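Below you'll find the structure, written out as structure tokens, and then a few comments.
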Amino acid sequence: MDRLLINGGVSLEGEIRIAGAKNSALPILAATLLTHETVQICNLPHLYDITTMLELLGCMGVQPIVDEKLNVEVDSSTIQHFSAPYELVKTMRASILVLGPLLTRYGKAEVALPGGCAIGSRPVNLHISALEAMGATIVVEDGYIKASIDGKLKGAHIFMDLVTVTGTENVMMAATLAEGQTVIENAAREPEVVDLANCLVEMGADISGQGTDTIVVNGVDELKGCSYSVMPDRIETGTYLIAAAATRGHIKVKDTRPDILESVLSKLEQVGAEIKVGENWIELDMHGQRPHSVSVRTAPYPAFPTDMQAQFTALNSVADGTGSITETVFENRFMHVHEMNRMGASIKVEGNTVIVEGVDALKGAPVMATDLRASASLIIAGLVSENETSVDRIYHIDRGYECIEEKLQLLGARIRRVPA
Ligand code: EPU
């Protein structure tokens, strides 16, 4: 298994470009199942999760084509199987996103039930109950969600008990071809949900309210092909900015969107960073100063994202003062804390909060990544450590960060991948 070796102590300096958003590219790829026409998707990030989604389409009989500009064209008219096998679902939970499209377009779908994962139990009960409210018959047997419908799904008024990102996306996709109107209340407002809705609208769907907590979808008879460019990845953007702040650096990230990062940029200002933004770039300058600790509390968008708390934990671990990180979205997203403590951090877990007392510097150690964002936080910890850190199990990082070591090298970091 590959490892990343990091020799810390360098302030990040320079410019990088941000890739397309993983969490909007995945549902958009699933949405290509909603039409028999060709959908061209541009600005797809080069990530392991994207490959897994393309493989999932492939095992249904759909053969995506990658063109010379690395855009992907999907023509789902060759589909033969309507199922997502366990072998793929176990490596990527977002496979659940094919459930809504398959059911609404073909009247049947079988998707392996995702199990728990390193950040919590992560049930999909809300996806299932919403589709049932739209008339689907769903049984869970042999480890699979088996869904079918006689005729078409029917529009329904759905109240989501919890804000769920992929749940909202699944129901929104299913509703595009349902009979009549679907109203999703307590819908997720994440920018990735909006990006998917905008792509569906390009495909001919009738959707309004995306970006608010009430999404209204009027079903149409069919959707058509289109060409759509995936929005920039706000979590990748935030991760590099936090890494620069933690290392007292000065960087500019390009091809991104400051308007969807307000909660994170405001925390970075509290840390002591000078932030400048343009329409599609963000510049962060610590003027060589040590960051101040901040406290964050995760919650659905537009509040502070759960996908960015681990990175702030790494920053707080070397900041001036004591900060707390409270996680309210997932029940078990602190696995990185124990690894950081092995690097000399002073972090205590108290229920769903961690209290981080900043130390002068961390000390490099061999550490193990447990999930995608935890891996990113351990890399940041490595960047602010004296001597060498080795981060193991980095297949997690390759799921969600495109060329992370190359981008960090461009910013001056001493980091390299060591093949197994
Ligand atoms: N939940 C339920 N029942 C459901 C659905 C969700 O109880 O049917 C709970 C979850 O267990 C969790 C909360 O609701 O406690 C919110 O989960 P959500 O459904 O919003 O998460 P998700 O859709 O599975 C997406 C992202 C995650 C991101 C979360 C929260 C994708 C592919 N994944 O997951 O991204 O953390 O929303 O913003 O969009 C990552 O990129 O590293 C990642 C984990």
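The values are calculated or read from the model by the stated rules, or taken from the named source; none is laboratory data. Note that the coordinates shown come from a computational prediction; the quantities given were computed from them, not determined experimentally. Note that we place each Cβ from the backbone using ideal geometry, even for glycine, and neighbour counts take in every protein chain shown. Note: areas computed on protein heavy atoms with side chains; ligands, DNA, RNA excluded. Shrake-Rupley method; radii C 1.70, N 1.55, O 1.52, S 1.80 Å.
Descriptive notes on the structure:
- Computed over the stretch 268-338: relative contact order in percent, which uses C-alpha pairs under 8 Å that are six or more apart: 28
- Protein accessible area in the chain, 1.4 Å probe - carbon and sulfur %: 48
- Taking all protein chains into account, the per residue accessible area for the chain stands at 38 Å² (1.4 Å probe).
- Taking θ as phi - 60° and the Karplus parameters 6.51, -1.76 and 1.60, the scalar couplings of the stretch 253-265 work out to 10, 10, 6, 10, 9, x, 5, 9, 10, 4, 5, 6, 5 Hz in sequence order, x denoting glycine and proline.
- Pairs beyond 18 Å (Cα-Cα), from Lys267/Lys348; Lys252/Lys276; Lys254/Lys407: Lys267/Lys348
- Local electrostatic count at Val39 - Lys and Arg +1, Asp and Glu -1, tallied over other residues with Cβ under 12 Å: -3
- Count Lys and Arg as plus one, Asp and Glu as minus one, and take only other residues whose Cβ is under 12 Å from that of Pro232; the net charge is then -3.
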